[in-house]
Amino acid sequence: MDILPILSTLRRHKITAWLLILEIALTCAIVCNAVFLVSQRLERMNLPSGIAEHELVQVQLANIGNRSDAEARAKTDLAALRQIPGVTQVALVFQMPFTDGGSSNSGIKLDPQQREDTADVTQYMGENLLSTLGTKLVAGRDFRPDEFVNLDTAVAALHTGDLKGLPQVLVVTQALADRLWPGQSALGKQIYLGQGLAFRVVGVVAHLARPNRLSKGVEYSTVWPISMNVSQGASFLIRCAPQERERVLKSALAALKQLDPNRVVLQKRTYDEARHAFFANDRAMTGILVGVCLALLIVTALGIVGLASFWVAQRRRTIGVRRALGATRANILHYFQTENFLLATLGIVLGMVLAYGINLFLMMHYELPRLPVIYFPVGAALLWVIGQIAVFGPALRAAAVPPVVATRSV
Amino acid sequence: MFGYYLDLALRSLRRNQILTALMVLAIGLGIGASMTMMTVLHVMSADPIPDRSGQLFYPHLDPTPLDRRKNALAPDPTDNMTWPDAMALLAAHRGTRQAAMSGGNLVAHPEKVSANPFTIDGRYTTADFFAMFRLRFVAGHAWTATDDTARSRVVVLSEALSRTLFGTDDSAGRMVQLGEHTFRVIGVTAPWAPQPMFYADAAAHKFGESDQFFLPLATAVDLKLDTSGNVSSWKKFSGDLTASSVTWLQFWVQLDKPDQVAAYRRFLFDYSAQQKALGVYERPADSARLDSLRERLVTLHLVPDDLRLQSWLALGFLMVCMVNIVALLLAKFLRRSGEVSVRRALGAQRRDIFVQFGVESALIGLVGGGLGLLLAQLGLWGIRRRPDEYAQLAQMDTAMLLSTFALAVVASVLAGLLPAWRACHIAPALQLKTL
């Protein structure tokens, strides 16, 4: 196919042609970036939490009064919850992976003399935490009962500087261990917190995501032998078989209510609901992005159809003449297809540059990574295909113009 | 003449219905998407307290030590004020009105024993709060500075809370149990919920439900009631909120005249310098500053990143739609070269041709604007169903309604300008020959 005649025709419709190129370029740039954003969100929404997600329910109570017997109260509550048939494990915990609200975070150091922190980690606490969450221990051991201290004791110890009141050991995630001691076993290693307080790693879990602040390292989590009670903002985390969750949740609420009818239930939900709520915004954003992408592609495709139809109608006589001079229907069809291919190619080249520019802008303002190279060929192919589909109808109509048109009104 | 152009435009649009529908749809979609986002942004950046916003200021002091390292993750400790500083500024009484405040969260016990207790959000503050922020009372009155110093056990309830607790608006004089303590209700406020809730802590939610109770700040500190919001401490924190190394209070001051503002700024510097001389502060006097309400709203970062991104997306979409329409109109107008040439040859001027095509594109804009308005309502309905706290506010007011229409017409007239201009420059002679 000779493209010179096509180019000379396009030169006579310079502005219209450039407008179409610009439209394709804008669409290409926006769609590339939007699809990239969608992939980022999907990746975020599918992050593994490392826990038995479908087996957990959460009940959080407000702290009302009588704080003096909080520890004893916690023990009674836990015992009552364990009595519920179907419950395999119960813990009082402060935070769960992928939930909004409070989370305990701290900078840690590998050397007490260090000025800057090595990593920002989240701190999980609560008795029976690992077995309730269902996280897999890959090295070392879980905490021994005698290693636990209550949160109040630990906080008081921090103020007085009394090291005996503080926990001595901790468990870290594999991801954190790899970050802190790449290629080595984390067991027995020391980390430092605050004013050079040392803690020893006794166990490593495969996965355990942090509640929020995911940008600081999704799995930079630590687990501490610190027990909690309701008045410290902890919630009951109950593990049971997935199909029993509804029933267990009801029984748990009833049991807690029976122990003290005056307590306010702040939260009662399955872990799945909690995770669903945490990613609600990402889900909405994904929906919007996909919707806009589709709308853009449709508008662009319809624009191509519209313009091509105009051009076909405008060139009816020329087409007739070409047909009369021996051009086949296929020639005419290919002419319009090639024309569209040329316009689309120009648009795509321009669009790639624009896509890169938009990506740079997003990287600066929204902490987004660089657009992977794969998006460029895929985006180009997509627009080529859409262009060809859009132009096919008008091109067929052009090919159907009979040669006899050439003899009329010349 | 205009009637004739309108008739011509209608004929032309009717002749090519699919194309007309396409153009109307494109502009409708573009306008709908961008107006949805613009309405949300408009609502979120609205003036929370009209006719007082120009007089409200937020003083900043910096009592933090020189060696405090900035932590990008932690909230800025100088965003809030320490108890001693807030009390000193209150006592100095340099503004028309001033109040210190903090968020609070308490468990309310309804009068009926059978009803379950529930948690409520409210504010611990000082006497000027009500007059400064223009709260109206449906019953009773605000507490006075005397109540503040006396640490009186009094409370002001919102109308809604009064109804829930007592079943009546007028609960003044009754007793209510909040947390572990009993307070005397001295006033009930009319519904009051500035959006955004500009006066609250940076960590607090900014849209949606507002405070349900108000307690004297000193009473709350005295009773060690639970506060909500950021508490920053740069020394060992013993739980004592009145320490000079703990920031947790918001402080607002009302300054009516520009010279009052200047004087207050000087006063802040002097106070800061004096604290440095006393050895309480380590930083220079000019670390103090006075933010206007507008500046404070900027610091609060009210518009989430996602929303900003969506607005950019909507604008990009509108741009593509516009380019689309320009291209289609251009092709359409140029195809009518013959018609234009005949009209020109019969005496029509370039200007007439330009106006004729201008009317045609404006017509598309008008219909597209109507469609855009419908689509924007649909979009806003979708946003209201989202879980975000600002979602409930996503409503179009008259101003937005009119600007949607204006935007649609302006956009399509702009889109029609280039094609119309090209069309009126068609050389009639050349075209007439080929007819």
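The values are calculated or read from the model by the stated rules, or taken from the named source; none is laboratory data. Bear in mind that the values here come from a model prediction, so they are computed numbers and not experimental data. Ideal geometry is used to build each Cβ from the backbone, glycine not excepted, and the neighbour counts take in all protein chains shown. Protein only, heavy atoms only, side chains kept; ligands, DNA and RNA dropped before computing areas. Shrake-Rupley method; radii C 1.70, N 1.55, O 1.52, S 1.80 Å.
Rounded to the nearest 20, the Cβ-based charge dipole of the protein assembly as shown about its Cα centre (Lys and Arg +1, Asp and Glu -1) stands at 4020 debye.
Among the helices of chain A, those built from whole DSSP H runs whose Cα atoms reach 30 Å or more along their own axis and whose mean Kyte-Doolittle hydropathy is at least -1.0 are A:14-45, A:280-314, A:329-366, A:375-399. Counted over all Cα-Cα pairs of the protein assembly as shown, pairs farther apart than 54 Å make up 30 percent. Note on the range A:41-132: Rg/Rh from Cα positions, Kirkwood definition for Rh, rounded to two decimals, is 1.05.
Placing a pseudo-label 7 Å from each Cα along the Cα-to-Cβ vector at residue A:71 and residue A:213 gives an inter-label distance of 2.8 nm.
Could you list log10 I(q)/I(0) for chain A at q = 0.07, 0.08 Å⁻¹, which the Debye formula gives when each Cα is one point scatterer? Computed log10 I(q)/I(0) values: -0.54, -0.63.
Close amide H contacts of residue B:178 (hydrogens built in the peptide plane, cut-off under 5 Å, sequence separation of 5 or more or a different chain): B:183.
Taking beta carbons within 10 Å but only from partner chains, what does the mean come to for residues A:305-317? It would help to have the intermediate numbers written out before the result.
Values: counts 3, 12, 7, 1, 5, 9, 2, 0, 3, 4, 0, 0, 1.
What the average comes to for A:305-317 is 4.
Chain pair A, B: how much accessible area is buried, both chains summed, with a 1.4 Å probe, in Å² to 100?
Values: alone 20650 and 21200 Å², together 37820 Å².
Between A and B, the summed buried area is about 4000 Å².
Subtracting the Cα-Cα distance of residue A:4 and residue A:195 from 0.36 nm times their residue separation leaves 61.2 nm of extension gain.
Across the range A:363-403, Cα-Cα pairs farther apart than 13 Å form 68% of the total. Residue ranges A:21-29, B:114-122 sort as A:21-29, B:114-122 when ordered by packing (mean number of other C-beta atoms within 10 Å per residue, highest first).
Remark: relative contact order (the range A:53-278) = 40 percent; criterion is Cα-Cα distance under 8 angstrom and separation of 6 or more residues. Out of every Cα-Cα pair that the range B:286-435 contains, those further apart than 23 angstrom amount to 56 percent.
Considering only alpha-carbon pairs that sit under 8 angstrom and 6 or more positions apart, the relative contact order computed for chain B is 28 percent.
Tell me, what is the FRET efficiency for residue A:404 and residue A:337 to the nearest 0.05, using R0 = 25 angstrom and their Cβ-Cβ distance as r? My answer for the efficiency is 0.55. Measure nothing but the geometry: give the 0 to 90° angle between the long axis through the Cα atoms of B:305-335 and the longest principal axis through the Cα atoms of chain B, rounded to 10°. It is inclined by approximately 10 degrees. Measuring how big the range A:53-278 is from its alpha-carbon positions, Rg and Dmax come out at 17.5, 53 Å. For chain A, calculate the relative contact order in percent as a whole number, restricting contacts to Cα pairs under 8 Å that are 6 or more residues apart. Contact order relative to length: 28 percent. For the range B:219-354, taking the reciprocal of the average inverse distance between every pair of different Cα atoms yields a Kirkwood hydrodynamic radius of 22.3 Å.
Of the GluC sites (Glu not before Pro) in the range A:104-161, which ones lie in a loop per DSSP and count no more than 11 other C-beta atoms within 10 Å? Before the final figure, lay out each step's value.
Working: sites: A:116, A:127, A:147; in loops: A:116, A:127.
Those that pass, being in a loop and sparsely packed, are A:116.
Could you give the distance between the Cα centres of the range B:284-328 and the range B:364-435, to the whole Å? Each part reduced to its Cα centre gives a spacing of 21 Å. Ranked by the mean number of other Cβ atoms within 10 Å of their residues, highest first, the peptides A:236-245, B:274-283 fall in the order A:236-245, B:274-283. Against the main long axis of the alpha-carbon atoms of chain B, helix B:258-277 sits at an angle near 50°.
Compute the normalised compactness of the range B:53-299: alpha-carbon radius of gyration over 2.2 N^0.38 Å, N being the residue count.
With N residues counted in the range B:53-299, Rg over 2.2 N^0.38 Å equals 1.02.
Reported to the nearest whole Å, the Cα centre-to-centre distance from the range A:53-122 to the range A:326-388 is 51. Summed over the residues of the range B:53-299 and divided among them, the accessible surface reaches 43 Å² per residue at a probe radius of 1.4 Å.
What shape does the range A:175-223 take by its C-alpha gyration tensor, where a ≥ b ≥ c are the square roots of the eigenvalues and a/c under 1.5 counts as rounded, a/b above b/c as prolate, and the rest as oblate? Judged from the Cα gyration tensor, the range A:175-223 comes out oblate (a/c at least 1.5, b/c at or above a/b). Remark: spin-label model distance residue B:256-residue B:190 equals 2.2 nm, labels positioned 7 Å along the Cα→Cβ axis.
Taking a ≥ b ≥ c as the square roots of the eigenvalues of the alpha-carbon gyration tensor, the range B:156-234 is classed oblate because a/c is 1.5 or more while a/b is no larger than b/c.
Set the Förster distance to 60 Å, then compute FRET efficiency between residue B:224 and residue B:406 from the Cβ-Cβ distance, nearest 0.05. Present the calculation step by step, with values, prior to reporting the outcome.
Values: r = 56 Å, r/R0 = 0.93.
Using R0 = 60 Å, I get an efficiency of 0.60.
Please find, in a Gaussian network model of chain B (springs between Cα atoms separated by less than 10 Å), the residue of B:323, B:176, B:231 whose mean-square fluctuation is greatest. The residue with the greatest mean-square fluctuation here is B:323.
Between residue B:149 and residue A:367, what FRET efficiency comes out of the Förster formula 1/(1 + (r/R0)^6) with R0 = 51 Å and r the beta carbon distance, rounded to 0.05? The partial results should precede the final answer.
Numbers: r = 48 Å, r/R0 = 0.95.
For R0 = 51 Å, the calculated efficiency reads 0.60.
For chain A, modelled as a GNM whose springs connect Cα atoms under 10 angstrom apart, the maximal fluctuation among A:188, A:217, A:134 occurs at A:188. Shape annotation for chain B: C-alpha extents along the principal axes are 98, 57, 38 Å, from largest to smallest.
In chain B, a dipole from Cβ-located charges (positive for Lys and Arg, negative for Asp and Glu) runs towards its positive end, and of B:203, B:297, B:41 it is B:41 whose Cα lies farthest in that direction. Taking only the alpha carbons of the range B:78-225, we obtain Rg and Dmax values of 14.8, 49 Å in that order.
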